[in-house]
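Single-structure report; data block below.
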Amino acid sequence: MSKLWGGRFTKETNKLVEEFTASISFDQKLAIEDIDGSLAHVHMLGACQIIPLEDVEKIKEGLNEIKVSVLKGEVEFLVEHEDIHMNVEKLLIEKIGPVGGKLHTGRSRNDQVATDMHLYLRNKTIELIQLVKEVQQAILSQAKENIETLIPGYTHLQRAQPVSFAHHLMAYFWMFERDKERLQDSLKRVNWLPLGAGALAGTTFPINRQLVAEQLGFNTVYPNSMDAVSDRDFILEFLSIGSIIMTHISRLSEEMVIWSSQEFQFIELDDSFCTGSSIMPQKKNPDVPELLRAKTGRTYGNLIGLLTVLKGLPLAYNKDMQEDKEGMFDTVETLEGSLQLLAPMIETMTVKKDVMRKALNQDFSNATDIADYLVTKGLPFRDAHEVIGKIVLYSIQHNKFLLDLSIEEYQQFSSLFEKDIFVILSPEHVVSARNSYGGTSPAQVKEQINLADDKLANS
């Protein structure tokens, strides 16, 4: 076939170059967005009397027919047509004749592809916001069932202080709340229209960019044509947000892997989210959270990849920018799959309350409360800290825990100890005593759950 845009060339494109530079293998994902952008563009061309209205109607009719065929999966995109824009235009010309060539009046593939990606990312961001909300709802449902469930809280992966399991879960709710807000906020920058910027300098035709923006639902039109075709900040921002979301998914997945191990046994994942071993019949492997943890690396790579592509590019458009799409598509698909799996996996996990509670009887996570107890008796905290450190050392040397010691043993270290120390040491008391705002007491956990309900209802 003849060379695309080949009027000034004397040779056909090398077949290897044609295959290497073609993007249709991946940018066909933008087919619907490309057609929608073209429908708005041709409507504007007619409204501005740039092309005859009868041509506008023919082009619209042809584009809508192609759109139906694409949605039905009936269209074969060809590598020799290079990209989604030329594939659609060739299909249009085949369908309605040479008048289809008028569609490209007043625009370039540079502003066209940028528009496609803005439309695509806007649609996907809205879908991802809903998926994040479904994960939040799953977390909230489990939290409501486990306000009184106690679990060791950890720092440095060492037992630190008892907490409500609901409180632990709700930490992830707020992580995802920030993720959701970041996605929502990013829509302000995704919703800028590049179309009409031309290749980089605008166009000589009397176009109406605001009319196109209204038709496509854009809030803002890029005020600078060079920025319009070279801006990929909106994709970088999405890849950054996606990486943060996957970081949170990975952290929760790591805990689910640990909690479901034989060593912890705090939860059991539903069989539908686990697999077996090809050699060890007793195994129940947490493959889903493990893969969620691993796929985080893909999103990091996509972000770093695009940052690296863009870092040295002069204005305006460069072919390098063709590398902006595959990472974006991959991150979208990774997020979709991960969030769709995470919500039901959280909902269906079994919480082993007795195992969690038993763990609290076999550690020193209530030690801080003994120090606080001595402080209320008048001992400076620094001195109280030293006293409790010695008590813990004594307990370890005698193979005991704090609840196993007698009052006589406590009084060896300080005469301030009285029998009420055993009330102070109970995990229930330890948790309930932390009643400061945002703390782990049942009253505070219920308050944050109510706040979370309101957040979900109004987002």
Q: Please check which bits of segment 353-390 a label hung off LYS419 would reach, taking the label as a point 7 Å along Cα-to-C-beta and the cut-off as backbone N under 14 Å.
A: none
Q.
Taking the Cα centre as origin and putting +1 on Lys and Arg beta-carbons and -1 on Asp and Glu beta-carbons, what dipole magnitude results for segment 15-105, to the nearest 20 debye?
A. 180
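Compare the peptides 110-117, 200-207, 63-70 by average per-residue count of other Cβ atoms within 10 angstrom and give them in order, highest first.
Values: 110-117: 25.8, 200-207: 14.8, 63-70: 17.0.
Result, highest mean first: 110-117, 63-70, 200-207.
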**Q.** Against the rule of thumb 2.2 N^0.38 Å, how large the Cα Rg of the chain comes out
**A.** 1.35
Q) Around SER277, what is the net charge, scoring Lys/Arg as +1 and Asp/Glu as -1 over all other residues with Cβ under 15 Å from its Cβ? A) -1
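Taking the Cα centre of the chain as origin and charging only Cβ (+1 Lys, Arg; -1 Asp, Glu), how large is the dipole, in debye to the nearest 20?
Working: 47 positive and 65 negative charges, 110 e Å.
Result for the chain is approximately 520 debye, rounded to the nearest 20.
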Q | Bins of 5 Å from zero: percent of alpha-carbon pairs in segment 360-457 | A | 2, 13, 21, 21, 15, 9, 7, 5, 4, 2, 1, 0
Q: With unit charges on the beta carbon (Lys/Arg positive, Asp/Glu negative), name the residue among GLY378, MET226, VAL355 whose Cα is farthest towards the positive pole of the charge dipole of the chain.
A: MET226
Q.
Spelling out what I want: for every residue of segment 311-320, take phi, set θ = phi - 60°, compute 6.51 cos²θ - 1.76 cosθ + 1.60 (Karplus), and round to whole Hz; glycine and proline get x.
A. 4, x, 7, x, 6, 10, 7, 9, 4, 3
Q | Under 20 Å from the Cα of LYS358 - aspartates and glutamates, other chains or at least 8 residues apart | A | GLU145, GLU148, GLU255, GLU263, GLU268, ASP369, ASP404, GLU428
Q | Positive minus negative residues near GLY97 (Lys, Arg vs Asp, Glu; Cβ under 14 Å) | A | -3
Q. So for the chain, taking the charge dipole from beta-carbon charges (+1 Lys/Arg, -1 Asp/Glu), which of GLN130, ILE304, ASN285 sits furthest toward the positive end?
A. ILE304
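Which three numbers, in whole Å and largest first, are the semi-axes of the equivalent ellipsoid of segment 6-96 derived from its Cα gyration tensor as √(5λ)?
Working: eigenvalues 133, 62, 23 Å².
So the three semi-axes of segment 6-96 are 26, 18, 11 Å.
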Q: Would you please put 280-286, 39-45 in order of how densely packed they are, using the mean number of other Cβ atoms within 10 angstrom per residue and starting with the highest?
A: 39-45, 280-286
Q) Which peptide among 325-334, 122-131 comes first, and what is the full order, when sorted by highest mean count of other Cβ atoms within 10 Å? A) 325-334, 122-131
**Q.** Hits among lysines - C-alpha to C-alpha of LYS124 under 24 Å, sequence gap 8 or more where chains match
**A.** LYS29, LYS67, LYS72, LYS133, LYS180, LYS188, LYS295, LYS325, LYS455
Q. Among the aspartates and glutamates, which fall within straight-line cross-link reach of LYS311, defined as a Cα-Cα distance under 17 Å, with same-chain neighbours fewer than 8 residues apart omitted?
A. ASP227, ASP231, ASP233, GLU237, ASP320, GLU323, ASP324
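Each value in this text was obtained by applying a stated rule to the coordinates, not by laboratory testing. These numbers were taken from a predicted model, which means no experiment stands behind them. Every residue, glycine as well, gets a Cβ built from its backbone with ideal geometry; the counts of neighbours run over all protein chains shown.
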